[in-house]
């Protein structure tokens, strides 16, 4: 395996890692925010689920922007 193949493999792995971390971190932030709001207002699941959904949507949007900018070259 030459250097060019190795660089392409590492670039793909780093992109895959970044995509996974973006989705997981955005979902965790959304769920955590919903958890805090639920505890403050006394609700059970309303803001946890809505925060998770908003976090996942934000994560997928960030991934979309990353992939567009990466493969636009």
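Residues of region 21-41 that are under 15 Å from residue 58 (Cβ atoms) and exposed (fewer than 13 other Cβ atoms within 10 Å of the Cβ): 21 alone.
Checking 2, 44 one by one, the residue that is surrounded by fewer than 12 Cβ atoms within 10 Å (Cβ to Cβ), in contact with a helix residue (DSSP H, G or I) (Cβ under 8 Å, 6 or more places away or on another chain) and at pLDDT below 95 is 44 and no other. Does any residue of region 14-33 turn out to be at negative phi, over 16 Å from the mean Cα position of the chain (by Cα), at pLDDT 95 or above and in a helix (DSSP H, G or I)? Looking through region 14-33, none of the residues is at negative phi, over 16 Å from the mean Cα position of the chain (by Cα), at pLDDT 95 or above and in a helix (DSSP H, G or I).
For region 50-66, what are the residues that are closer than 26 Å to residue 16 by Cα and in contact (Cβ under 8 Å) with a residue 12 or more places away in the chain?
Residues satisfying the conditions are 51, 52, 53, 54, 55, 56, 58, 59, 60, 62, 63, 66.
The values are calculated or read from the model by the stated rules, or taken from the named source; none is laboratory data. Note that this is a predicted model, so its numbers are computed, not measured. Every residue, glycine among them, receives a Cβ derived from its backbone with ideal geometry; neighbour counts consider all protein chains shown.
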